[in-house]
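Inspection log for the structure reproduced underneath, given as structure tokens.
The values are calculated or read from the model by the stated rules, or taken from the named source; none is laboratory data. Only a predicted model underlies this, so the values are computations on that prediction, with no experimental measurement involved. Every residue, glycine as well, gets a Cβ built from its backbone with ideal geometry; the counts of neighbours run over all protein chains shown. Remember, those area values only see protein heavy atoms, side chains included, never the ligands or the DNA or RNA. Shrake-Rupley method; radii C 1.70, N 1.55, O 1.52, S 1.80 Å.
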Amino acid sequence: MSRLTFRHAKNGCMTFLMGVFTLAVLIPLILIFAHIVRMGISSISVDFFTQIPRPTGETGGGMANGMVGSALLIFLASCLGIPVGVFGAVYLAEYGGSRISTVIRFAADVLAGVPSIITGMVAYALLVVPMKGFSALAGAFALALIMIPIVLRTTEEQLKLVPVTLREASLALGVPLWRTTLKVTLRSALKGVMTGVLLAIARIAGETAPLLFTALGNQFWSGKLTEPIAAMPLQIFNFAISPYEDWHRLAWAGALVLVTVMFGLSLAARYFGRTKQSGL
Amino acid sequence: MLQETDTRRWQIEKKLSGDFVFKGLTVVFAFTILAILLLMVEEMHRESLPALAKFGWRFVTGREWDAVQSSFGALPFIWGSVISSVLALFLATPLSVGTALFITEIAPQRFGGVVSALVELLAAIPSVIYGLWGVLVMAPWLQQSVEPFLSERLGFIPVFQGTPYGVSMLAAVFILMIMVVPIITAITREVLLTVPQSQKEAAVALGATRWEMIRMTVLPYGRSGILGAVILGLGRAIGETMAVTMVIGNTPQISLSLLSPAYTMPSVIANEFAEASSKLHSSALMEIGLILLVVTLIINILARLLLWGVSRQRGRTP
């Protein structure tokens, strides 16, 4: 075999191998997705959206309290996480000196890599212990800690894309810098900021670990923010590890709803953010 | 004289103006990030002081975990975390790099775009859903077909000895691999896109085949970035909680066999923290959390330094 044939054969082999690897990556992922859709559709019903879980042994029931609980937790976390993330990003993009900005940016990236269960423990130490009980507020605080670095980094990237000339035009008209930032810079970057916010919400909507010992979960409706509250991911977890067939069905239905919501959010984020998000 | 008071008034007005207040606000929010990071380390350290004082270094070498006897050693959890993450990364790295190369270098642009969008979408599936699939579909499959085969045919190797339980170290390794592959692939793809076209063209012009072009230009150029992506994946795998908790079997033991159940650091926190029986018990769990936090901080700092190097090469601010 000539040297050239060998090199071409090697090239062919490696190309084939990379194709096989790609298939090996995609197949389990597609299997999981197909299974969620199949099991979810066969388990879902109107009751799922209107009822709360039944006691063990009874069939039927739904996750209505978990859905409302999750929505409330996400809302509360957003109230805390979005302002900190967005205004922190304004500092980095508009005011910060280069060295201190780099440090904060780096801290945000590192914070984004902290395991989510740790944020749960920190929220436990800071809120659950002093308030003497598990609560929706503690859960929302833990979720906000996860949200902040995501919102901060995407917002900052978007603010940097706003042309300097736009800011200069506004300043030249005598508009103070802070009003320029709010009414011109942030408004021009609004779509991009929305992308970051939606991605962050998609991320926290499925978070389970930080809620385990903050929001704790609740079999029933909860009336107060200082009480334990139900959340969908927690219910999926509890039902999945239970031995009951009927609860497994509820878990699959919950998984389908959660995945649908997350894909919806991702698509919306893609729509708002035509500029590609950088994972670096 | 008159002019001087004017200047003073002007200075005071400037201090009270919207600009000053607004800037102050953004400064506070920006430094919140640093504060959160420091607060995390401080709180975890403070809460784990009782365990630190009682056990000292014995905590990380002790093998016994008994809440009733108040005897806590974290070695089985450290072992479980290290083995499951390292093996998962060992399997995931070639798959991810191969897929990223396929997307950027081999597939037609549109098809590559579809594959990469799919991978990114799948990276967004929450870990509890991977766990649900793992415990209800994958673990029974492992127990019925894969693990009996391994223990019968390859049982002479200690790694594959034992009864097939389904929920096991092997299941944890598989689920972690499935979960980190999309993350490493997405980042590696971005790194590979930074390789200058001119370098690739130069290699091809010298008569290199496509694989030789990849070996000579793409991989060397992207080396540090790929390493960063893999280390970032390691950080994710070590901190992964829900999916692993659901499939690893939650048994604090150190066993060479992949077929036996094990336990990881995040799993024991997830299972026991809310119902910790004593102050010392919750403090011991906090110390496990502290170890986990410090390890993931180091891993992430390393990964970010490597990846920031790449985006600086690309010539834009990171």
Seminar exercise, completed: At R0 = 22 Å the Cβ-Cβ FRET efficiency linking B:Gln199 and A:Arg7, nearest 0.05, sits at 0.65
For this session: Only helices at least 27 Å long along their axis, Cα-based, and averaging 0.0 or more on Kyte-Doolittle count here, so list those DSSP H runs from chain A.
Result: A:3-43, A:64-90, A:136-161, A:245-272
For this session: State, in angstrom, two size descriptors of the stretch A:3-43 derived from its alpha carbons: Rg to one decimal place and Dmax to the nearest whole number.
Result: 17.8, 60
Exercise. Along the positive direction of the dipole of chain A (beta-carbon charges: Lys, Arg +1; Asp, Glu -1; about the Cα centre), which of A:Met131, A:Ile148, A:Thr195 reaches farthest?
Worked result: A:Thr195
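Using a 1.4 angstrom probe on the protein heavy atoms only, line up B:Val295, B:Val191, B:Val230, B:Val28 by accessible area, largest first. Don't skip to the end; give the middle numbers.
On the way: B:Val295 50, B:Val191 0, B:Val230 30, B:Val28 95 Å².
I get B:Val28, B:Val295, B:Val230, B:Val191, largest accessible area first.
Please sort A:105-112, B:166-173, B:30-37 by packing, taking for each peptide the average over its residues of neighbouring beta carbons within 10 angstrom, highest first.
Values: A:105-112: 21.1, B:166-173: 27.0, B:30-37: 19.4.
Result, highest mean first: B:166-173, A:105-112, B:30-37.
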Problem set entry | Residues of the stretch A:20-52 with amide N under 20 Å of the 7 Å Cα→Cβ point at A:Trp221 | A:46-52
Problem set entry | Range of Cα positions in the stretch A:123-249 per principal axis (Å), largest first | 67, 35, 23
Exercise. Is there a simple number for the mean count of other chain Cβ atoms within 10 Å of the Cβ of residues in A:136-148, and what is it?
Worked result: 1
For this session: Starting from the Cα of A:Leu173, step 7 Å along the direction of its Cβ; do the same at B:Arg215; then give the gap between the two resulting points in nm.
Result: 6.2 nm
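Two decimals is fine: what's Rg over Rh for the stretch A:156-230, C-alpha atoms, Kirkwood radius as Rh?
Numbers: Rg = 20.1 Å, Rh = 15.6 Å.
Taking Rh as the inverse mean 1/r over Cα pairs, Rg/Rh reads 1.29.
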Problem set entry | A:Val103-A:Val129 pseudo-label distance in nm [points 7 Å out on the Cα-to-Cβ vector] | 2.7 nm
For this session: Considering only protein heavy atoms, with the full assembly of protein chains and a 1.4 angstrom probe, order A:Lys132, A:Lys160 by accessible area, largest first.
Result: A:Lys132, A:Lys160
For this session: In whole Hz, with x marking every Gly and Pro, tabulate ³J(HN,Hα) for the stretch B:160-165 from phi via Karplus 6.51 cos²θ - 1.76 cosθ + 1.60, θ = phi - 60°.
Result: 10, 8, x, 7, x, 9
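Nothing charged except the Cβ atoms of Lys and Arg (+1) and of Asp and Glu (-1): what's the magnitude of the dipole of the stretch B:1-157 about its Cα centre? Round to the nearest 20 debye.
Dipole about the Cα centre, nearest 20: 240 debye.
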Exercise. Among B:Pro261, B:Thr241, B:Val204, whose Cα lies farthest out toward the positive end of the dipole of the stretch B:172-281, if unit charges sit on the beta carbon of Lys, Arg (+1) and Asp, Glu (-1)?
Worked result: B:Val204
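Rounded to whole Å and ordered largest first, report the semi-axes of the equivalent ellipsoid of the stretch A:12-144 derived from its Cα gyration tensor (root of 5λ). Intermediate values should be presented prior to the final figure.
Numbers: eigenvalues 248, 207, 40 Å².
For the stretch A:12-144, the semi-axes come out at 35, 32, 14 Å.
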Exercise. Total Lys pairs in the stretch A:114-234 closer than 23 Å by alpha-carbon, pairs eight or more apart in sequence or interchain only?
Worked result: 4
Exercise. If ligands, DNA and RNA are left out, what is the accessible area of B:Thr245 with a 1.4 Å probe, given in Å² to the nearest 10?
Worked result: 10 Å²
Problem set entry | Size-normalised alpha-carbon gyration radius of the stretch A:59-213, reference 2.2 N^0.38 Å | 1.21
Exercise. Between B:Trp65 and residues 5 or more places away or on another chain, which pairs have amide H atoms under 5 Å apart, with H built 1.01 Å from N, and which residues are they?
Worked result: B:Gly73
For this session: Give me D for chain A in µm² s⁻¹, whole number, from Stokes-Einstein with Rh from the Kirkwood sum over alpha-carbon pairs, 4 °C and 1.567 mPa s.
Result: 60 µm²/s
Problem set entry | ³J(HN,Hα), Karplus 6.51/-1.76/1.60, whole Hz, each residue of the stretch B:293-299, x for Gly, Pro | 4, 5, 4, 5, 4, 4, 4
For this session: Average the reciprocal distances over every distinct pair of alpha-carbons in the protein assembly as shown, invert the result, and give the Kirkwood radius in Å.
Result: 25.8 Å
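Could you work out the Rg to Rh ratio of the stretch B:50-313, with Rh taken as the Kirkwood radius (inverse of the mean 1/r over all Cα pairs)? Before the final figure, lay out each step's value.
Numbers: Rg = 21.1 Å, Rh = 20.1 Å.
Taking Rg over the Kirkwood Rh, I get 1.05.
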Problem set entry | In Å², nearest 10: area of A:His8 left accessible to a 1.4 Å probe | 100 Å²
Exercise. For the stretch B:79-168, which chymotrypsin sites (Phe, Trp or Tyr not before Pro) are in a loop by DSSP, counting at most 10 other Cβ atoms within 10 Å?
Worked result: B:Phe156
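Work out the length of the dipole vector of the protein assembly as shown about its Cα centre, built from +1 on the beta-carbon of each Lys and Arg and -1 on the beta-carbon of each Asp and Glu, and round it to the nearest 20 debye.
Details: 43 positive and 31 negative charges, 396 e Å.
It works out to roughly 1900 debye.
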For this session: Pairs of Cα atoms under 8 Å, at least six residues apart: use those to get the relative contact order of chain B, whole percent.
Result: 25 percent
Problem set entry | Average partner coverage of A:200-209, which counts Cβ from other chains inside 10 Å | 4
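Between B:Val294 and B:Glu64, what FRET efficiency comes out of the Förster formula 1/(1 + (r/R0)^6) with R0 = 25 Å and r the beta carbon distance, rounded to 0.05? Provide the component values of the computation, followed by the final result.
Numbers: r = 23 Å, r/R0 = 0.92.
The calculated FRET efficiency here is 0.60.
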Problem set entry | For the protein assembly as shown, with +1 on Lys and Arg beta carbons and -1 on Asp and Glu, the positive-most of A:Leu73, A:Ala24, A:Ala205 along the dipole | A:Ala24
Seminar exercise, completed: Ordering A:49-59, A:237-247 by per-residue average of other C-beta atoms within 10 angstrom, highest first, gives A:237-247, A:49-59
Problem set entry | 10 Å Cβ neighbours from other chains, averaged over peptide B:231-244 | 3
Seminar exercise, completed: Phi-derived 3J(HN,Hα) across the stretch B:197-213 with the Karplus relation (6.51, -1.76, 1.60, θ = phi - 60°), rounded Hz, x for Gly and Pro, is 4, 4, 5, 5, 4, 4, 4, 5, 5, 7, x, 6, 6, 4, 5, 5, 4
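Output the relative contact order of the stretch A:49-272, whole-number percent, from Cα pairs under 8 angstrom with separation of 6+ residues.
On the way: 325 pairs, mean separation 60.4, N = 224.
RCO, the stretch A:49-272: 27 percent.
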